[in-house]
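**Student:** Got a structure for you, questions after.
The values are calculated or read from the model by the stated rules, or taken from the named source; none is laboratory data. These numbers come from a predicted model, not from an experiment. Note that we place each Cβ from the backbone using ideal geometry, even for glycine, and neighbour counts take in every protein chain shown. We work out accessible area using only protein heavy atoms, side chains counted, and drop any ligands, DNA or RNA first. Shrake-Rupley method; radii C 1.70, N 1.55, O 1.52, S 1.80 Å.
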Amino acid sequence: MSKSSAVISAAAADSVDAGRTRPANLFTQAHLADLRGYSRLAGDATAGMTGIVETLHHTIAQIAGLPRARRWRAAGGIRDLIYSSIRAGAWLASRGMDAALSSLAPLIPEGVPTPGQELMRAVFNGAYGDHLAATDNPLAIPMRLRREGRPLTLTAAGLAAAIPDARRRVLVLVHGLCTNDLHWRRRGHDHGAALARELAFTPIYLHYNSGLHVADNGAEFAALLQTLVAQWPAPLDDLTIIGHSMGGLIARSAVEAARSARHTWLHRLRRLVFLGTPHQGTLLEQLGSWVEAALHASRFSAPFARLGGARSAGITDLRHGCVADHDVPLPAGIDCFTIAATLGPRARPMRDQLVGDGLVPLDSALGRHPQRRRTLAFPAENQWIARETTHLDLLARAKVYRQLRKWLAA
């Protein structure tokens, strides 16, 4: 059990709306890359399941007194050869398919991924992104700053060409787990675009592999912002970051990394705004870790703990809202705001703390913790609760936008 499973179904429902302005393509190299990635992932999954069955087989074979177990022990060499052959066959089949598909690339137009492809990549990166990156899988998402789903070239000339009306106020929006930058456009609304119209911001969107460790993504994000600010084609004196869900943790991690590296973009950072960010972790991921621990309690169920352990580093970081390898307070000298959400129309402490917005408990989104030293010191006027609002509805509700506009206008 993990937060990713709950996010995936909701994210899928928004995929058409999120990419409504993106044209559909014929079969392109982007489709080919996806086929290569999925074939390799299928081979890895087959090898992993074979390992689980083999471990269970070995465990049963060690049980004294079972006639069948004695026969299994006697056939140990043949059994090991069979399992090794299955793993080798799966690896050769997936790599052979990968090589065959790669050879077709010169015959196919380049193109760009469709919204559906972008959604599926985001889901798989959230669930298995660290594995995808470690195995150089084509599905792994590289971190980039984008506008309208297109990556920006972070040079003065590249930014000037892509953003001819670059303003002094820059807004960077960071998506959450198993989603992508296109999901900021939900039900016909985009917080970034609306704030650009009303408060003269230039919105830019981070696109990243949400299955990597938060600290790793934070460090890379900090480096990107250093380049962005240095190459911005207009005077820049106001930088604001809005993070949804995990995106808020990435933003906090980036500030911490930038402080350690003495990045100059921090001098431009005015505000951090968090939407449903699990500052103190998520109950679903904590339950997932308890289930995994319970499976380890028995030698018969222990092999199946690998299934729970297969969730990404990014998901496991959500257990306690990890930002770095140490506790990280809110940064001094920067205005920090947080919006939490609850499913019900009025306060109910038990439901709010267990369920919250369906994924993140209320106290976690507000930065509260039983240990005072770990509580994030948001001023009372910088906290706001959206009632009758789900985790993903934070991206679209008019009342949430009005609160954002109020804070950012001030």
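**Student:** Return the pairs, sorted by first residue and then second, in which the second residue is at pLDDT 95 or above and open to solvent by less than 60 Å² (accessible area, probe 1.4 Å), the first residue lies in the stretch 373-397 and is assigned to a helix (DSSP H, G or I) and of a type in the set (S, T, N, Q), the beta carbons are less than 7 Å apart, and the residues are 6+ apart or on different chains.
**Tutor:** 382/336; 382/337; 382/338
**Student:** Within the stretch 207-224, is there a residue that is part of a strand (DSSP E or B), in contact with a strand residue (DSSP E or B) (Cβ under 7 Å, 6 or more places away or on another chain) and either of a type in the set (Ser, Thr, Tyr) or closer than 16 Å to residue 336 by Cβ (or both)?
**Tutor:** no
**Student:** Out of all the residues in the stretch 135-149, which are open to solvent by 60 Å² or more (accessible area, probe 1.4 Å) and at pLDDT below 95?
**Tutor:** 136, 148
**Student:** Collect the residues in the stretch 370-386 that are open to solvent by 40 Å² or more (accessible area, probe 1.4 Å) and either aliphatic (A, V, I, L, M) or within 19 Å of residue 341 (Cβ to Cβ) (or both), keeping them in residue-number order.
**Tutor:** Scanning the stretch 370-386 gives 377, 380, 381, 383, 384, 385.
**Student:** On the basis of being in contact with a strand residue (DSSP E or B) (Cβ under 9 Å, 6 or more places away or on another chain) and in a loop (DSSP other than H, G, I, E, B), does residue 166 make the cut?
**Tutor:** For residue 166, the condition - in contact with a strand residue (DSSP E or B) (Cβ under 9 Å, 6 or more places away or on another chain) and in a loop (DSSP other than H, G, I, E, B) - is met.
**Student:** Filter the stretch 197-216 for residues that are open to solvent by 10 Å² or more (accessible area, probe 1.4 Å) and closer than 12 Å to residue 172 by Cβ and give the result.
**Tutor:** Selection gives 203, 205.
**Student:** Something else: Just give me the residues in the stretch 217-233 being farther than 13 Å from residue 170 by Cα, out of contact with any Ser or Thr (no Cβ under 8 Å at 6 or more places or on another chain) and of a type outside the set (A, V, I, L, M, F, W, C), in sequence order.
**Tutor:** Scanning the stretch 217-233 gives 220, 227.
**Student:** Follow-up question, since we're still on this one. Return yes or no: is residue 357 surrounded by fewer than 18 Cβ atoms within 10 Å (Cβ to Cβ) and assigned to a loop (DSSP other than H, G, I, E, B)?
**Tutor:** no
Per-residue answers, yes or no, for (1) over 18 Å from residue 224 (Cβ atoms); (2) touching a helix residue (DSSP H, G or I) at 6+ places or on another chain (Cβ under 8 Å); (3) modelled with pLDDT of 95 or more; (4) of a type outside the set (Val, Ile, Thr):
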residue: 162; (1), (2), (3), (4): no, no, yes, yes
residue: 168; (1), (2), (3), (4): yes, no, yes, yes
residue: 173; (1), (2), (3), (4): no, yes, yes, yes
residue: 180; (1), (2), (3), (4): no, yes, yes, yes
residue: 184; (1), (2), (3), (4): no, yes, yes, yes
residue: 190; (1), (2), (3), (4): yes, yes, yes, yes
residue: 196; (1), (2), (3), (4): yes, no, yes, yes
residue: 204; (1), (2), (3), (4): no, yes, yes, no
residue: 207; (1), (2), (3), (4): no, yes, yes, yes
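**Student:** Being open to solvent by 20 Å² or more (accessible area, probe 1.4 Å) and of a type outside the set (D, E, K, R) is the filter here; which residues of the stretch 118-131 pass it?
**Tutor:** 120, 124, 128, 131
**Student:** Still on this structure: Pick from 258, 193: which is without any contact (Cβ under 8 Å) to a residue 40 or more places away in the chain, surrounded by fewer than 20 Cβ atoms within 10 Å (Cβ to Cβ) and not charged (D, E, K, R)?
**Tutor:** 193
**Student:** Kindly indicate whether residue 195 is assigned to a strand (DSSP E or B) and touching a strand residue (DSSP E or B) at 6+ places or on another chain (Cβ under 6 Å). Show your work before the answer.
**Tutor:** Numbers: assigned to a strand (DSSP E or B): no; touching a strand residue (DSSP E or B) at 6+ places or on another chain (Cβ under 6 Å): yes.
Judged against the criteria, residue 195 is not a match.
**Student:** A further question follows. Quickly run through the stretch 234-265 and pick out the residues that are among the small types (Gly, Ala, Ser), out of contact with any Gly (no Cβ under 6 Å at 6 or more places or on another chain) and closer than 15 Å to residue 203 by Cβ.
**Tutor:** To start, the set of residues in the stretch 234-265 that are among the small types (Gly, Ala, Ser) comprises 234, 243, 245, 247-248, 251, 253-254, 257-258, 260-261.
This time we only want the ones that are out of contact with any Gly (no Cβ under 6 Å at 6 or more places or on another chain), so: 234, 243, 248, 258, 260-261.
Scanning the stretch 234-265 gives 234, 243.
**Student:** On the given criteria, is residue 282 at pLDDT below 90 and touching a Lys or Arg at 6+ places or on another chain (Cβ under 6 Å)? Let's see the steps before the verdict.
**Tutor:** Working: at pLDDT below 90: yes; touching a Lys or Arg at 6+ places or on another chain (Cβ under 6 Å): yes.
Yes.
**Student:** Among the residues of the stretch 229-256, which ones are farther than 17 Å from residue 315 by Cα, assigned to a strand (DSSP E or B) and within 18 Å of the chain's Cα centre (by Cα)?
**Tutor:** Those that are farther than 17 Å from residue 315 by Cα, assigned to a strand (DSSP E or B) and within 18 Å of the chain's Cα centre (by Cα): 241, 242.
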